[in-house]
Amino acid sequence: MFGTPGQVLRLVTAALWKRGGYLTSRFSGRLDCSDEVIHTIQTQECQVILPCYGDRIFGHAEDHEMAFTIPATRIDEVLEGLEGTYRGGVRYPIPVFLRYTPTFPPAYQKLAEFFRKAEE
């Protein structure tokens, strides 16, 4: 399946929810479209795919997309992982942390003070 990097991130965390560890993926920039099927079937492991030229030309994959494969034997596990990580607070879209007070760099603060004094 194709998705944004954030969506693929959700799938990676779901795939690893029970097992932990890491996913191993291969990248070559070519023939990755065949790896989406062949390598996944051979290894029976999920993988992240960087869409190759064939994906882009024939599959219309765009710059903002990645691919993620799930072998049929792992679909239930990944679905359970999606539910489990969601209950644990992992969401999509990924929330942005906004509970802080933003400030300008010190040089900007000095400049603002200069202009404040100039207005007085």
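Thinking of the chain as a set of Cα atoms, what percent of all their pairs are more than 26 Å apart? The partial results should precede the final answer.
On the way: 2894 of 7140 pairs.
Value for the chain (Cα pairs over 26 Å): 41 percent.
Shape analysis of region 9-50 based on the Cα gyration tensor places the equivalent ellipsoid semi-axes at 20, 11, 8 Å, largest first.
Under the convention that each Lys and Arg Cβ holds +1 and each Asp and Glu Cβ holds -1, the size of the dipole of region 37-120 around its Cα centre is about 420 debye. With loop membership from DSSP and a limit of 12 other Cβ atoms within 10 Å, the longest segment of the chain without chymotrypsin sites (Phe, Trp or Tyr not before Pro) is 59-96. Per residue, the convex hull spanned by the alpha carbons of region 56-109 comes to 153 Å³. Please give me, ordered by residue number, the trypsin sites (Lys or Arg not before Pro) of region 32-108 that lie in loop per DSSP and have at most 13 other Cβ atoms within 10 Å. Of the trypsin sites (Lys or Arg not before Pro), the ones in loops of region 32-108 whose Cβ has at most 13 other Cβ atoms within 10 Å are 91, 99. Quick one: angle between helix 5-16 and the longest Cα principal axis of the chain, in degrees between 0 and 90, rounded to 10, please. Roughly 60 degrees, rounded to the nearest 10.
Only the coordinates and a few stated rules stand behind these numbers; no lab work does. The shown structure was predicted, so the numbers you read here are calculated from the model rather than taken from an experiment. Note: ideal-geometry Cβ built from the backbone for every residue, glycine included; neighbour counts use all protein chains shown.
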